[in-house]
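Below is one structure, written out as structure tokens; the observations come after it.
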Amino acid sequence: MEHADIAVIGGGQSGLAAAHALLRHGLRPVVFEASDRAAGSWPRYYDSLTLFSPARYSSLPGMPFPGAGRDRHPHRDEVVAYLTAYANRLNADIRTSCRVTAVRRTGDVLSVELEGGDRLSARGVVAASGTFGRPHRPALPGLETFTGRVLHAADYRSPAPFADRRVVVVGAGNSAVQIAAELAETARVTLATRAPVKFAAQRVLGRDLHFWLARTGLDAAPLGRLLSRPPAQPVLDDGRYRAALAAGRPDRRPMFTCADGAELVWPDGQREGVDAIVLATGYRPDLPYLAPLHGALDVDGNPRHREGLATGVPGLAFVGLEWQRSLSSNSLRGAGRDADRVARRLAARLARR
């Protein structure tokens, strides 16, 4: 069986940040990426997606985000190109089209099993597979029998298939508002939420919000340990989305009470035919390969950890979890900080062993 210092599962922004940090701390990682390129889930996001953080705050360690206009907000395809270039510059063993199916304890090492039957043993494992592979689909009454189209934001690409249709977008976060506003240009759209949408100004006192987050230290503050669950994030807005909702494009309504055939029933009793429902309802950590590893996950499939180090499995760590340590933990700008902290502690632990 092949052996490695550390196996990193996931070759997106978190996995690449982890590989960079592990190399700096004297460990030789093998990175497994299920897709055909080291860009994580970014190639599969919807076509119009842009970052909510400017380019100057959207880099992994050792390589600034390229291009003119450091205060611009990069497009999805720019992020894909950046991550691809970053992977090519890393002196790391990155293996694409390699899907990990299970991690098991075998004596003093962890055994990583791949689709197709190959295995690799490692002294440690960093789970950095993100959340895109586990979209959250809330249990909404009648949704399973709704005869229109139901899709998650993970499957949404562009508004073209929904032109002149009646569409309801479920969710109150950044992606929900961005998708609903885009769809409203060519379709009749309602944003259905359980509470009014909360906005945060993209610019404060003439500077982007991320400038102030960095300047005050809030972006990296270790607040994750204080949270029992991640708080809802406000929608970052330069004014366009608040204006769109105020103009009714899309309109905002309280969550429908149930779906019935091709209709939705609203809280006031109104019934309305709807062609499609888009669930922009977030994601959960995608870690099914850790299920055989006793103590790695809780009953809901979420990781048991403290600031990225597994609490019940020596040698196991995580990078890229939402609020793993701070507000920015699952972002391009924050993954490197968490990765360095995890790599440093893994290296120390393995040295003691």
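At a glance:
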{"read-out": "Residue check, Ala221 at pLDDT 95 or above and not β-branched (Val, Ile, Thr)", "value": "no"}
{"read-out": "Matching residues in the range 12-35 - criterion: being closer than 22 Å to Pro74 by Cα, outside any loop (DSSP other than H, G, I, E, B) and not polar (S, T, N, Q)", "value": "Gly15, Leu16, Ala17"}
{"read-out": "Residue tally, condition hydrophobic (A, V, I, L, M, F, W, C) and touching a Ser or Thr at 6+ places or on another chain (Cβ under 7 Å), over the range 111-130", "value": "2"}
{"read-out": "Matching residues in the range 144-161 - criterion: being farther than 23 Å from Arg44 by Cβ and modelled with pLDDT of 95 or more", "value": "Phe146, Thr147, Gly148"}
{"read-out": "Output for the range 139-155, where each listed residue is assigned to a loop (DSSP other than H, G, I, E, B) and either charged (D, E, K, R) or open to solvent by 30 Å² or more (accessible area, probe 1.4 Å) (or both)", "value": "Ala139, Pro141, Thr147"}
{"read-out": "Strands (runs of 3 or more DSSP E) wholly inside the range 198-254 containing at least 2 residues that are among the basic types (Lys, Arg)", "value": "251-254"}
{"read-out": "Residue list for the range 234-253, filter: closer than 14 Å to Pro196 by Cα and in contact with a strand residue (DSSP E or B) (Cβ under 7 Å, 6 or more places away or on another chain)", "value": "Pro234, Val235, Tyr241, Arg242, Leu245, Pro250, Asp251, Arg252, Arg253"}
{"read-out": "Extreme residue, most open to solvent (accessible area, probe 1.4 Å), among residues of the range 257-299 that are acidic (Asp, Glu), part of a loop (DSSP other than H, G, I, E, B) and touching a residue at least 12 places away in the same chain (Cβ under 8 Å)", "value": "Asp275"}
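The values are calculated or read from the model by the stated rules, or taken from the named source; none is laboratory data. Everything numeric here is computed off the predicted structure, so don't read it as measured data. Positions of Cβ are backbone-derived with ideal geometry, glycine not excepted, and every protein chain shown enters the neighbour counts. Surface accessibility is based on the protein's heavy atoms, side chains included, excluding ligands, DNA and RNA. Shrake-Rupley method; radii C 1.70, N 1.55, O 1.52, S 1.80 Å.
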